[in-house]
Amino acid sequence: MEEVKVSKSINIKGLVCPYTFVKAKLAIEEMELGEVLEILLDYEEASRSIPKSMEDHGQKVLKVEKINDTDWQLVIRKEKE
Amino acid sequence: MEFTEDQLQRYSRHIILPEVGGKGQKKLLNAKVFIIGAGGLGCPVGYYLAAAGVGTIGMIDNDTVELSNLQRQIAHSTRTLGMPKIDSAKNTFEALNPDVKVVGIKERISKDNIKDLIKCYDVVVDGSDNFPTRYLVNDACVMLKKPLVSGAILRFEGQVTTILPGDGHCYRCLFEEMPPAGLVPSCQEAGVIGAITGVVGSLQALEVVKLILGKGEVLKNTLLIYDALRTTFRRVKIPKNPDCPVCGSKPTITELQDYDAGYCRL
Ligand SMILES: [Zn+2]
């Protein structure tokens, strides 16, 4: 994967649906087009639902990775206001 | 303005909608909507707008809560019998959502107060129960260029239309003059099935929300007619009338009038 520069990072560990997506959506809303958001989370369901919802909303999912026993890292580029 | 944790939870189902998001929810919180009437339509409109977090809701009604209202006017209750409807509704809406400020006015709407009352609001909702008020509200909104979401109910039928002055039609483009009193149903004929107020009021509330968000299409140049007995919705095109007496190019109605013709109030 090409190197991407993360513009903003949020940690939503401990949150469950729908607040995982609420926090992720509010974070990306405040960013500029082309900027990249990193999300750290530990709620397994959100590691699947956030990428899907972000794509439904027109954003580009660059990375979904389980980084240790409990946590996931998502990397998403803003492509739509 | 940042959302509080309570607001994130309260509005989470809005925020996750692509058409709303945090930005749309802030628009709702900053919006001011004025509702004419705290009766059959004003109750559900105000209830849903309060739930949606519309920050300021103005409401005018001169009546007190009566037992015969409670079959359809769901913001009031047996406990608020005898209370001014605006106070009863304010209690209900502010209990539902403390983010909402309800400005209640216990007066009858008239040509003398309407412009001052609506001038600071973004959208006007007509939930009145009589033709004189409907024409007065239409004319005032056209003159002040205020978006107006108008609703009406009778028996098992309801109507909704959205008037955007300067853009689409107005109520007088559809019916230039008020029907003579004799053609309007008398009090004995003017029953109304309770739940229709919820259907029509909810449609009005959604028109208001879309206007605030700037999303979707509203009932511009269109009258939506709901027939509850047959469960049908019909859309009727209402072209803007270039010769309309109030919104046409050479208006003949340039001042507000109070119409009083012995109409039955539903
Ligand atoms: Zn007109």
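The values are calculated or read from the model by the stated rules, or taken from the named source; none is laboratory data. What you are looking at is a predicted structure, and each value in this text was computed from that prediction instead of being measured. Cβ sites come from the backbone with ideal geometry, for glycine too, and all protein chains shown count toward neighbours.
Could you tell me which of the residues B:LEU203, B:LEU211, B:LEU219, B:LEU174 is at pLDDT 95 or above, under 19 Å from the mean Cα position of the chain (by Cα), of a type outside the set (Val, Ile, Thr) and within 16 Å of the ligand (Cβ to nearest atom)?
Going through B:LEU203, B:LEU211, B:LEU219, B:LEU174 in turn, just one is at pLDDT 95 or above, under 19 Å from the mean Cα position of the chain (by Cα), of a type outside the set (Val, Ile, Thr) and within 16 Å of the ligand (Cβ to nearest atom): B:LEU219.
With the stretch B:94-166 as the region, which strands (runs of 3 or more DSSP E) entirely inside it contain at least 1 residues that are more than 16 Å from the chain's Cα centre (by Cα)?
The strands (runs of 3 or more DSSP E) meeting that bar are B:101-105, B:157-163.
Could you tell me whether any residue of the stretch B:229-245 is in contact (Cβ under 8 Å) with a residue 12 or more places away in the chain, more than 16 Å from the ligand (Cβ to nearest atom), over 26 Å from B:LEU17 (Cα atoms) and surrounded by fewer than 16 Cβ atoms within 10 Å (Cβ to Cβ)?
yes
Answer yes or no as to whether A:GLU38 is touching a residue at least 24 places away in the same chain (Cβ under 8 Å), within 25 Å of B:GLN7 (Cα to Cα), away from every other protein chain (no Cβ under 13 Å) and under 9 Å from the mean Cα position of the chain (by Cα). Working first, answer last.
Values: touching a residue at least 24 places away in the same chain (Cβ under 8 Å): yes; within 25 Å of B:GLN7 (Cα to Cα): yes; away from every other protein chain (no Cβ under 13 Å): yes; under 9 Å from the mean Cα position of the chain (by Cα): yes.
Against the criterion (touching a residue at least 24 places away in the same chain (Cβ under 8 Å), within 25 Å of B:GLN7 (Cα to Cα), away from every other protein chain (no Cβ under 13 Å) and under 9 Å from the mean Cα position of the chain (by Cα)), A:GLU38 qualifies.
For the stretch B:127-136, state whether one or more residues are of a type in the set (A, V, I, L, M), within 16 Å of the ligand (Cβ to nearest atom), more than 14 Å from chain A (Cβ to nearest Cβ) and closer than 22 Å to B:TYR226 by Cβ.
no
For A:PRO51, indicate whether it is closer than 16 Å to B:LEU17 by Cα and more than 12 Å from every other protein chain (Cβ to nearest Cβ).
yes
Among the residues in the stretch A:20-33, are any under 13 Å from the mean Cα position of the chain (by Cα) and outside any helix (DSSP H, G or I)?
yes
Which one of B:TYR263, B:TYR259, B:TYR226 is more than 10 Å from the ligand (Cβ to nearest atom), within 23 Å of the chain's Cα centre (by Cα), modelled with pLDDT of 95 or more and of a type outside the set (Lys, Arg)?
Details: B:TYR263 fails: modelled with pLDDT of 95 or more; B:TYR259 fails: modelled with pLDDT of 95 or more.
Within the list B:TYR263, B:TYR259, B:TYR226, the selection yields B:TYR226.
Name the helices (runs of 4 or more DSSP H) wholly inside the stretch B:1-65 in which the number of residues that are within 14 Å of chain A (Cβ to nearest Cβ) and out of contact with any helix residue (DSSP H, G or I) (no Cβ under 7 Å at 6 or more places or on another chain) is 3 or more.
Those helices (runs of 4 or more DSSP H) span B:5-10.
Give me the pairs, please: first residue somewhere in the stretch B:123-145 and at positive phi, second residue anywhere and modelled with pLDDT under 95 and within 13 Å of the ligand (Cβ to nearest atom), beta-carbon distance under 9 Å, and either six or more positions apart or on two chains.
Short answer, once both residue conditions are applied: B:LYS145/B:GLY166.
So that you can scan it fast, the table gives a plain yes or no per residue for (1) under 18 Å from the mean Cα position of the chain (by Cα); (2) free of Cβ contacts under 8 Å to residues at least 12 places away in the same chain:
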position	(1), (2)
B:SER12	no, yes
B:LYS23	no, yes
B:LEU29	no, no
B:LYS32	yes, no
B:GLY40	yes, no
B:ALA51	yes, no
B:ILE60	yes, no
B:VAL65	no, no
B:MET83	no, no
